[in-house]
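The values are calculated or read from the model by the stated rules, or taken from the named source; none is laboratory data. Only a predicted model underlies this, so the values are computations on that prediction, with no experimental measurement involved. Virtual Cβ from ideal backbone geometry, glycine too; neighbours counted across all protein chains shown. Ligands, DNA and RNA are stripped out before the accessible areas are found, and what is left, the full protein with its side chains, is counted by its heavy atoms. Shrake-Rupley method; radii C 1.70, N 1.55, O 1.52, S 1.80 Å.
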Amino acid sequence: MSTTEAEVLVVGAGPAGAAAALDLARAGVSVLMLDRPAQARAKPCAGGVTIKAAQRLRFAIAPVVRESVSAITMSHRGRWVDRFEAAAPVCLMTHRPELDAFCLTQARQAGAALEHIPGIARVTQDGLHTADGAGRVTLIASDGQAFRGRWLIAADGAHSPVRRLLLGQPDGATAMAIEGLLPREALTDVAWPGMRFDYASQAGGYGWLFPKGDHVNVGLYTHCGATHGISRERLLAYSRARLGSDALEAVKGYPIPVRGDQQPLSAGRVLFAGDAAGLAEALLGEGIYGAVFSGQMAAAAILGAGDVAASYQRNLQSWRRELAVVRRLARVYYRLLPVPYALLRMGLHKPLMTGFAEGLTLVQSKRRWLTRQ
């Protein structure tokens, strides 16, 4: 059996894997991305790219932005509707398959190679404790193909096969979401919506509307999927209530791992990134920023000197602290609704919207507001 060699293997070609591959390839490292065929890897995702995520990317995503949002309508179960505005965009609306394809193209143009595999059978390692390049990690695909490199970045999603093979299933509850796409022509009785969050339309979370030009992405999110049921029936009811139609297409439910501050970031010569590392935030379930950031930090650790795993841990330390803070905030926020939403309406939204428009994280926005009081 022949073995394909590269300095770094990257499993997963979404934003995390593409971000890592791009930085490595630009630095002259040979990179091989491994992913399932496009038709087999549909990734459910609302596709909203925050400004902080857009600013972290090494390229502009204007070609795949369908709508730019500078105002968000919010409510508590459809009541107390308010519109919160910023002076600049706070979110860029993309369709996730288009975003993934665009990010992958940038990585390939930088020199990263791509091979499609049907699945992963096993991952083995040797020379785990050598930092001089002598160690190797080998991935065997389910069809028998073998791939070998000095390092492997596992950016293979919430159900990460690489993580399961090396560390088992991660402990702890994860957030959950379900979404569907409502074609524009199905909106016959209501006006084209803007970006909208309806808190408590889903227990422990919210309902969302994300306009995308030819369709509206309609979804429900809960910060704790183990205790708050989420279902197709609730999604359809929410769509009828907000848009007058439940003719949703491509309905999918999916986990959103939000415990990245508590999970190992590495296993020997394997670094976990994006959802495979649990790096989404719990309040709104946003994961693209954590994916891009962790992919870039994994690449930086490999390109640097010294202990790669320790460097990667240090690189992500601030974001992991933020994840812990935001997870606690999410528990309080959703437990105490509608009081926190009332505080937003009373003026707290202004510093948050300003911070989001500038590319700040939630904790950074809160810290700036507190220091200015």
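Right, residue 226: open to solvent by 40 Å² or more (accessible area, probe 1.4 Å), modelled with pLDDT of 95 or more and among the hydrophobic types (A, V, I, L, M, F, W, C) or not? Spelling it out, it is not the case that residue 226 is open to solvent by 40 Å² or more (accessible area, probe 1.4 Å), modelled with pLDDT of 95 or more and among the hydrophobic types (A, V, I, L, M, F, W, C). Here is the figure for segment 237-247: residues that are crowded, with 24+ Cβ neighbours inside 10 Å and either of a type in the set (A, V, I, L, M) or in a loop (DSSP other than H, G, I, E, B) (or both) total 0. Check segment 171-188 and report whether any residue there is among the hydroxyl-bearing types (Ser, Thr, Tyr) and free of Cβ contacts under 8 Å to residues at least 60 places away in the same chain. Yes, segment 171-188 contains at least one residue that is among the hydroxyl-bearing types (Ser, Thr, Tyr) and free of Cβ contacts under 8 Å to residues at least 60 places away in the same chain. For segment 355-363, check the following and say yes or no: at least one residue is without any contact (Cβ under 8 Å) to a residue 24 or more places away in the chain, over 30 Å from residue 12 (Cα atoms) and buried (at least 20 other Cβ atoms within 10 Å of the Cβ). Looking through segment 355-363, at least one residue is without any contact (Cβ under 8 Å) to a residue 24 or more places away in the chain, over 30 Å from residue 12 (Cα atoms) and buried (at least 20 other Cβ atoms within 10 Å of the Cβ).
Restricting segment 312-343 to residues that are within 17 Å of residue 262 (Cα to Cα) and of a type in the set (Gly, Ala, Ser) leaves a set whose member that is surrounded by the most Cβ atoms within 10 Å (Cβ to Cβ) is 330. Taking the numbered list (1) open to solvent by 40 Å² or more (accessible area, probe 1.4 Å); (2) under 29 Å from residue 193 (Cβ atoms) in turn, residue 61 passes all entries but (1). Checked against (1) within 25 Å of the chain's Cα centre (by Cα); (2) modelled with pLDDT of 95 or more, residue 158 meets all criteria but (2).
If you go through segment 248-260 and pick out every residue that is outside any loop (DSSP other than H, G, I, E, B), open to solvent by less than 40 Å² (accessible area, probe 1.4 Å) and more than 30 Å from residue 325 (Cα to Cα), you end up with 1.
Here is the figure for segment 162-182: residues that are surrounded by fewer than 20 Cβ atoms within 10 Å (Cβ to Cβ) and under 26 Å from residue 2 (Cβ atoms) total 1. Residue pairs, Cβ under 6 Å, 6 or more apart or interchain, first in segment 1-28 and in a loop (DSSP other than H, G, I, E, B), second surrounded by fewer than 17 Cβ atoms within 10 Å (Cβ to Cβ). List them. Taking only residues 6 or more apart or on different chains, the pairs are 1/146; 6/30; 7/30; 27/303.
Residues checked against (1) among the small types (Gly, Ala, Ser); (2) out of contact with any Gly (no Cβ under 7 Å at 6 or more places or on another chain); (3) open to solvent by less than 50 Å² (accessible area, probe 1.4 Å):
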| residue | (1), (2), (3) |
| --- | --- |
| 86 | yes, yes, yes |
| 103 | no, yes, yes |
| 112 | yes, yes, yes |
| 158 | yes, yes, yes |
| 189 | no, no, no |
| 192 | no, yes, no |
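Those helices (runs of 4 or more DSSP H) of segment 270-373 in which 1 or more residues are at pLDDT 95 or above, touching a Gly at 6+ places or on another chain (Cβ under 6 Å) and of a type in the set (A, V, I, L, M, F, W, C) occupy 288-303, 317-336.
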